[in-house]
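Engineer: There's a structure below that I have some questions on.
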Amino acid sequence: MAFLPMNAKEMRDRGWSEVDFVYVCGDSYVDHPSFGAAIITRVLEDCGYKTAFLAQPNWKNDDDFTQFGKPRLGFMVSAGNIDSMVAHYTVAKRKRHDDAYTAGGKNGRRPDRASRQIESSTSLGAAIIKSASSSIAITTRLIFSLATGSPFTSRTG
C-alpha cells in the first residue's frame with residue numbers, strides 16, 4: 001500500500017486531478033495504526049475517497065493549503081497527537097528544544113494553542129485551521145457515515 005500523497009506532485013503521480021479530502025495535521029505524517037490520522041485517512045481511502053495528507057503546513061501563508069486545489073468534499077483538521085503547548089513547553093514553562101512528533105525533532109513547526117486558535121492572520125491557512133476537538137467529532141461522524149452508509153449530518157453549536 002502506497003503512502004498518501006503529501007504534495008501536488010505525488011497527487012498528480014497517482015493520476016488525480018483533484019482530491020476528495022485534504023487531511024491537515026499538526027504532526028508529521030506517520031502511516032501507522034497507533035496514529036489516529038493514519039486510521040482516519042486509510043478508512044477514507046478504503047471507502048474509495050481520494051485523500052491527501054498535509055503534515056505540519058506553514059500556517060503563515062496559503063501555499064501549503066492551496067497546493068492540492070479545492071478538495072471536492074473538504075478539509076479535515078487535527079492538531080495532532082500532542083497538544084502544541086505540551087510540544088513547545090515543559091511543565092516549568094521552559095521552551096522545549098525538540099518535538100517528538102515532528103520529523104527530525106525540530107520544534108516550532110506548529111503554532112501555540114493549535115487546538116483552540118490560530119495567530120491572527122488573513123491567510124487561507126488560518127481560515128482552515130479551527131477547533132481540533134470539533135473537527136475530530138465531525139470527522140468521526142463522517143467516517144461512521146461512510147463506513148455504515150448512514151446519512152452524514154454536521155451538527156454545530
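The values are calculated or read from the model by the stated rules, or taken from the named source; none is laboratory data. These figures come from a predicted structure and were not determined experimentally. Neighbour counts are summed over all protein chains in view; Cβ atoms, including those assigned to glycine, are modelled from backbone coordinates with ideal geometry.
Engineer: Report yes if some residue within the range 95-117 is modelled with pLDDT of 75 or more and more than 23 Å from VAL30 (Cβ to Cβ); otherwise report no.
Structural biologist: yes
Engineer: Residues being more than 28 Å from VAL86 (Cβ to Cβ) and crowded, with 18+ Cβ neighbours inside 10 Å: count how many of those fall in the range 5-48.
Structural biologist: 3
Engineer: Take the conditions at pLDDT below 75, surrounded by 13 or more Cβ atoms within 10 Å (Cβ to Cβ) and either touching a strand residue (DSSP E or B) at 6+ places or on another chain (Cβ under 7 Å) or small (Gly, Ala, Ser) (or both) and apply them to SER120. Does it pass? Walk me through how you get there before you give the answer.
Structural biologist: On the way: at pLDDT below 75: yes; surrounded by 13 or more Cβ atoms within 10 Å (Cβ to Cβ): no; either touching a strand residue (DSSP E or B) at 6+ places or on another chain (Cβ under 7 Å) or small (Gly, Ala, Ser) (or both): yes.
For SER120, the condition - at pLDDT below 75, surrounded by 13 or more Cβ atoms within 10 Å (Cβ to Cβ) and either touching a strand residue (DSSP E or B) at 6+ places or on another chain (Cβ under 7 Å) or small (Gly, Ala, Ser) (or both) - is not met.
Engineer: Take PHE53 and decide whether it is surrounded by 20 or more Cβ atoms within 10 Å (Cβ to Cβ) and touching a Ser or Thr at 6+ places or on another chain (Cβ under 8 Å).
Structural biologist: yes
Engineer: Still on this structure, please answer the following. In the range 1-117, which helices (runs of 4 or more DSSP H) lie fully inside it and hold 2 or more residues that are of a type in the set (A, V, I, L, M, F, W, C), touching a Phe, Trp or Tyr at 6+ places or on another chain (Cβ under 8 Å) and touching a residue at least 12 places away in the same chain (Cβ under 8 Å)?
Structural biologist: Of the helices (runs of 4 or more DSSP H) lying wholly inside the range 1-117, those with at least 2 residues that are of a type in the set (A, V, I, L, M, F, W, C), touching a Phe, Trp or Tyr at 6+ places or on another chain (Cβ under 8 Å) and touching a residue at least 12 places away in the same chain (Cβ under 8 Å) span 8-13, 36-46.
Engineer: Let me ask something else. Touching a Leu at 6+ places or on another chain (Cβ under 9 Å), closer than 18 Å to ARG110 by Cβ and surrounded by 14 or more Cβ atoms within 10 Å (Cβ to Cβ), is that true of PHE65? It would help to see each step written out before you state the result.
Structural biologist: Values: touching a Leu at 6+ places or on another chain (Cβ under 9 Å): yes; closer than 18 Å to ARG110 by Cβ: yes; surrounded by 14 or more Cβ atoms within 10 Å (Cβ to Cβ): yes.
Spelling it out, PHE65 is indeed touching a Leu at 6+ places or on another chain (Cβ under 9 Å), closer than 18 Å to ARG110 by Cβ and surrounded by 14 or more Cβ atoms within 10 Å (Cβ to Cβ).
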